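Let me begin by presenting the structure, written as structure tokens, before commenting on it.
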Number of protein chains: 2
Amino acid sequence: MKIKDLRIHSIAIADPPLRSSYGLHAPYALRTIIELESDDGIIGINETYGGEAPSTALHAIKKKVIGADPFRLTGLINPEMKSKRSGHDRSQTYLVPGENPLDETSRTYAAIEVACLDLIGKSIGVPVCDLIGGRVRDKVPFSAYPFYKHAGGGGEGNDQREDEYGEALSPETLVRQVKKMIDQYGFGSIKFKAGVLDPELEIETVKQMYKEFGPSVPLRMDPNSAWTVETSVKVGVALVKELSGGGYLEDPTASIPGMGAVRKKLLELGIDVPLATNVAVTSFGDIPSAVNHDAVQIILCDHHYWGGMRQVQHLAKLAETFNIGLSMHSNSHLGISLMAMAHVAAATPHLTYACDTHYPWQSAIDEVVEGGRIKIEDGCVTIPEKPGLGVTLDYDQLARGKERYTKLSYRKRDDEAEMRKHVDPTWKRILPRW
Amino acid sequence: MKIKDLRIHSIAIADPPLRSSYGLHAPYALRTIIELESDDGIIGINETYGGEAPSTALHAIKKKVIGADPFRLTGLINPEMKSKRSGHDRSQTYLVPGENPLDETSRTYAAIEVACLDLIGKSIGVPVCDLIGGRVRDKVPFSAYPFYKHAGGGGEGNDQREDEYGEALSPETLVRQVKKMIDQYGFGSIKFKAGVLDPELEIETVKQMYKEFGPSVPLRMDPNSAWTVETSVKVGVALVKELSGGGYLEDPTASIPGMGAVRKKLLELGIDVPLATNVAVTSFGDIPSAVNHDAVQIILCDHHYWGGMRQVQHLAKLAETFNIGLSMHSNSHLGISLMAMAHVAAATPHLTYACDTHYPWQSAIDEVVEGGRIKIEDGCVTIPEKPGLGVTLDYDQLARGKERYTKLSYRKRDDEAEMRKHVDPTWKRILPRW
């Protein structure tokens with residue numbers, strides 16, 4: 001089997017005006033869909049970050065891909081990836097995921113690896129999770145992912161999506177948002193995107209969530225480095241009950257030493273709220289320092305930028321070895337990414353927390369997988385008895401996504417610019433803000 | 001595809017009277033050959049430790065294996081393996097590899113995993129290295145592995161093998177042994193098994209080897225924990241030139257703190273001879289303490305007891321992350337193990353040293369792979385363009401190995417007993433001896 005074509009499709013999908021410490025989500029999120037076609041006409045697919053840079057990087061590797069054996073391609077391109085993967089300590093504190101040039105090679109490699117695995121799986125009739133070591137679970141748990149948000153369901157002009165969840169900028173509206181999400185998807189845990197309002201209001205939001213859903217539904221809070229060490233400690237103290245018992249405090253402050261300082265002070269106060277990260281630690285190069293500082297008790301993996309499914313499995317074993325928990329990070333994504341996340345999670349024994357997903361924020365109108373949106377039931381995605389990732393492309397839907405992309409004026413994610421455009425013309429991301 | 005049978009064959013293979021700090025190799029080494037047969041009649045094979053305990057453990061897992069999908073079996077048995085894999089710090093300082101009850105589950109899991117991969121590869125026509133991430137090299141380098149030895153080529157009575165290398169209990173005869181090995185196999189590095197004679201004599205042996213082959217042929221010295229911290233430092237000082245430049249000092253002394261103390265003292269003396277291990281660190285559970293003590297600069301992996309090929313790949317990434325080199329450990333083995341070692345090494349980017357192998361010490365008379373012994377040329381095993389591990393069983397040869405096994409009185413490796421029987425009736429393993 002040889003690869004005869006690599007097709008790269010830049011698409012745009014509607015995205016609601018979600019808030020985070022990075023700023024505001026634009027009306028459309030950008031994604032790249034890739035197809036690897038074999039000489040016998042089987043097509044492997046994958047989804048990754050969107051916009052110009054990821055597409056350009058994929059085009060640049062195209063000549064290595066065409067003609068390669070999909071079983072050998074990942075080995076073939078590995079040395080090249082490694083030689084460029086020199087950036088250690090490439091924290092994305094100041095960069096949204098997908099826009100960090102230092103992990104571009106890992107992202108490109110991952111995009112190709114997963115498409116190869118889908119192609120292989122579809123060629124031999126085997127699900128991806130069983131190609132990479134064998135599933136240890138059939139149902140992969142995901143978390144509800146509430147955000148502070150403005151009114152609107154995403155999209156612009158005549159292309160707007162229904163605002164399923166409405167505006168949510170207060171504790172009460174956030175609780176309502178979570179309730180709706182749990183009713184619809186059955187999530188058994190909550191990942192709350194903080195770092196947007198005054199910490200006192202966010203503490204109140206978590207308290208109200210806990211009152212409504214706790215303690216049986218673990219709670220996580222993620223302000224994306226918005227706080228000082230002192231504020232982080234204050235929040236940890238205020239929410240010790242709410243964030244314990246399966247919850248965590250994710251990236252309260254920036255940098256590995258900062259996270260280590262928060263941990264140290266919390267432990268001195270007898271508070272064992274674990275700290276999670278997908279900002280301070282985003283590459284293997286960050287880990288020795290993180291271990292040294294006892295900076296993180298949970299790492300959020302993400303095959304999209306950690307270098308693919310097998311690198312996530314390496315990361316999981318490394319985390320297990322150092323008694324670090326493993327969760328999974330998410331960005332705005334469609335069903336291909338959701339299935340890839342589910343497959344790698346299914347084949348990763350040391351996955352100790354439910355995975356994040358933005359999937360509830362996307363609309364069926366934008367889905368590119370045949371048959372429409374992937375089902376999340378009882379908070380879980382079930383690995384289907386289908387080969388590869390278990391999904392195929394709806395080419396009409398893909399064409400619509402590409403058309404949306406061509407009409408857009410932007411080619412990368414810039415949450416700060418969106419904030420200035422829609423909320424506050426003087427807004428800047430300040431770290432720490434509180 | 002389902003597995004319809006698991007066949008477990010205990011065999012014995014002639015082994016020369018090699019010496020180490022553990023004692024003396026018996027006239028026969030014990031191995032287990034397994035066959036996994038699928039419902040469409042394809043047979044996956046593997047080779048692992050021999051004797052009663054490994055065979056019993058494999059028989060115990062048989063009912064989980066029969067009926068399973070080979071793509072899913074490793075995931076299926078993973079949780080069970082994990083639950084038993086509780087032993088941390090399960091150093092094999094006092095136990096020969098394969099006889100450590102604490103890694104029995106890892107060994108059993110590994111034996112099944114590799115047989116599954118061979119079965120899968122043979123079913124779909126793909127080499128094992130390309131099933132587990134894709135080869136990053138086609139030629140896998142191995143080291144010459146000289147031993148102090150008594151006269152004899154292995155075997156007993158009428159079943160003795162030719163003594164190709166003769167007695168070697170002095171520096172000069174060791175050099176002659178290495179020369180013959182390099183002439184025959186083209187090895188580009190030397191792993192010298194020490195811990196047998198007085199350290200002064202062993203230092204002289206290394207110096208003579210270096211004089212003959214260095215500096216273009218890196219030298220490693222492995223006394224298997226025979227020395228005190230002080231002796232280890234003394235040897236490091238004496239052999240700084242000989243063991244640098246791609247060589248290392250392997251397990252000079254016992255325990256992680258002991259190794260850390262040697263490292264610290266050598267560095268204080270400005271000597272950067274790296275320390276390697278396959279005794280102090282033999283499981284993931286040992287690694288945090290090893291990192292903490294800066295006890296090892298190179299880990300010797302071995303899929304046979306680290307839990308299989310994928311665990312070795314995890315270990316390699318972990319080692320790369322913590323700036324630790326990776327080499328590969330060996331025990332007396334036949335061609336199936338050699339090919340499995342070559343395949344995992346081919347698909348492991350961070351393999352920074354040539355692999356060990358005892359293969360030159362075994363005889364064609366004992367080989368169980370069809371077509372006879374695997375070729376080592378220019379010190380390398382080349383991954384053949386064949387599916388799975390690239391080797392199949394010679395059933396006549398297998399039957400002879402089984403017959404040898406049934407005639408033997410022992411069912412486990414006991415190098416200490418062999419020393420008492422053949423060399424010194426009062427011999428005991430004493431650590432440290434010097």
If the Cβ limit is 8 Å and pairs must be 6+ apart or interchain, which residue in region A:39-58 that is free of Cβ contacts under 8 Å to residues at least 40 places away in the same chain pairs with which residue that is in a strand (DSSP E or B)? A:D39/A:I3; A:D39/A:K4
Has region A:365-386 got any residue that is of a type outside the set (S, T, N, Q) and part of a helix (DSSP H, G or I)? yes
Working only within region B:243-253, note down all residues that are surrounded by fewer than 23 Cβ atoms within 10 Å (Cβ to Cβ) and at pLDDT 95 or above. B:G246
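So that you can scan it fast, the table gives a plain yes or no per residue for (1) crowded, with 23+ Cβ neighbours inside 10 Å; (2) at pLDDT below 95; (3) farther than 21 Å from B:C116 by Cβ:
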| site | (1), (2), (3) |
| --- | --- |
| B:V281 | yes, yes, yes |
| B:N292 | no, no, yes |
| B:V296 | yes, no, yes |
| B:C301 | yes, no, no |
| B:M309 | yes, no, no |
| B:A316 | yes, no, no |
| B:T321 | no, no, yes |
Output yes when any residue across region B:362-376 is touching a Gly at 6+ places or on another chain (Cβ under 6 Å) and within 30 Å of A:Q311 (Cβ to Cβ), and no when none is. no
Condition first: closer than 26 Å to B:V423 by Cβ, open to solvent by 10 Å² or more (accessible area, probe 1.4 Å) and touching a Leu at 6+ places or on another chain (Cβ under 7 Å). Now tell me which residues in region B:6-24 satisfy that. B:P17
Just name the residue that is farthest from the chain's Cα centre (by Cα) out of those in region A:326-365 that are open to solvent by 10 Å² or more (accessible area, probe 1.4 Å) and of a type in the set (A, V, I, L, M). A:I365
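So that you can scan it fast, the table gives a plain yes or no per residue for (1) within 21 Å of B:E385 (Cβ to Cβ); (2) more than 14 Å from chain B (Cβ to nearest Cβ); (3) open to solvent by less than 40 Å² (accessible area, probe 1.4 Å):
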position: A:I33; (1), (2), (3): no, yes, yes
position: A:D39; (1), (2), (3): yes, yes, no
position: A:T56; (1), (2), (3): no, yes, no
position: A:K63; (1), (2), (3): no, yes, no
Only residues that are outside any loop (DSSP other than H, G, I, E, B) and either more than 18 Å from A:K149 (Cβ to Cβ) or in contact with a helix residue (DSSP H, G or I) (Cβ under 6 Å, 6 or more places away or on another chain) (or both): list them for region A:192-208, please. A:P199, A:E200, A:I203, A:E204, A:T205, A:K207, A:Q208
Positions within region B:126-154 being within 13 Å of chain A (Cβ to nearest Cβ), part of a loop (DSSP other than H, G, I, E, B) and touching a Pro at 6+ places or on another chain (Cβ under 7 Å), in sequence order: B:V126, B:V136
Considering residues of region A:387-400 that are in a loop (DSSP other than H, G, I, E, B) and not hydroxyl-bearing (S, T, Y) only, the residue nearest to the chain's Cα centre (by Cα): A:L389
Count of residues meeting criterion [β-branched (V, I, T) and either at pLDDT 95 or above or under 30 Å from A:A226 (Cβ atoms) (or both)] in region A:74-107: 3
Tally the residues that are hydroxyl-bearing (S, T, Y) and more than 27 Å from B:S55 (Cα to Cα), restricting the search to region B:395-434. 1
Residue hits (region B:35-54; in contact with a Gly (Cβ under 6 Å, 6 or more places away or on another chain) and more than 9 Å from B:I3 (Cα to Cα)) are B:Y49
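Let's see how each residue does on (1) among the acidic types (D, E); (2) facing chain A (nearest Cβ under 8 Å):
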| site | (1), (2) |
| --- | --- |
| B:D294 | yes, no |
| B:I298 | no, no |
| B:H303 | no, no |
| B:W306 | no, no |
| B:M309 | no, no |
| B:L318 | no, yes |
| B:F322 | no, yes |
| B:H329 | no, no |
| B:H333 | no, no |
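Here's the yes/no breakdown for (1) modelled with pLDDT of 95 or more; (2) buried (at least 24 other Cβ atoms within 10 Å of the Cβ); (3) touching a strand residue (DSSP E or B) at 6+ places or on another chain (Cβ under 7 Å):
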{"residue": "B:G133", "(1), (2), (3)": "yes, yes, no"}
{"residue": "B:V136", "(1), (2), (3)": "yes, no, no"}
{"residue": "B:G152", "(1), (2), (3)": "yes, no, no"}
{"residue": "B:E156", "(1), (2), (3)": "yes, no, no"}
{"residue": "B:D163", "(1), (2), (3)": "yes, no, no"}
{"residue": "B:E167", "(1), (2), (3)": "yes, no, yes"}
{"residue": "B:P171", "(1), (2), (3)": "yes, no, no"}
{"residue": "B:K179", "(1), (2), (3)": "yes, no, no"}
{"residue": "B:G188", "(1), (2), (3)": "yes, no, yes"}
List every residue pair whose Cβ atoms sit under 7 Å apart, with the two residues 6 or more apart in sequence or on different chains, where the first one lies in region A:347-364 and is farther than 23 Å from B:T74 by Cβ and the second, anywhere, is among the acidic types (D, E). A:W361/A:D15
Being of a type in the set (S, T, Y) and open to solvent by 10 Å² or more (accessible area, probe 1.4 Å) is the requirement here; does A:S225 meet it? no
Starting from residues that are surrounded by fewer than 16 Cβ atoms within 10 Å (Cβ to Cβ) and touching a strand residue (DSSP E or B) at 6+ places or on another chain (Cβ under 8 Å), keep the ones in region B:366-385 and report whichever is nearest to B:S330 (Cα to Cα). B:K375
Hey, could you check region B:98-125 for residues that are open to solvent by 10 Å² or more (accessible area, probe 1.4 Å) and outside any helix (DSSP H, G or I) and say which is farthest from the other protein chains (Cβ to nearest Cβ)? B:E99
Within region B:267-312, can you find the residues that are of a type in the set (G, A, S) and on the phi < 0 side of the Ramachandran plot? B:A276, B:A280, B:S283, B:G285, B:S289, B:A290, B:A295
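The values are calculated or read from the model by the stated rules, or taken from the named source; none is laboratory data. Values in this document were obtained by computation on a predicted structure and should not be read as measured data. Methodologically, a virtual Cβ is constructed for each residue, glycine included, from the backbone with ideal geometry; neighbour enumeration extends over all protein chains shown. Ligands, DNA and RNA are stripped out before the accessible areas are found, and what is left, the full protein with its side chains, is counted by its heavy atoms. Shrake-Rupley method; radii C 1.70, N 1.55, O 1.52, S 1.80 Å.
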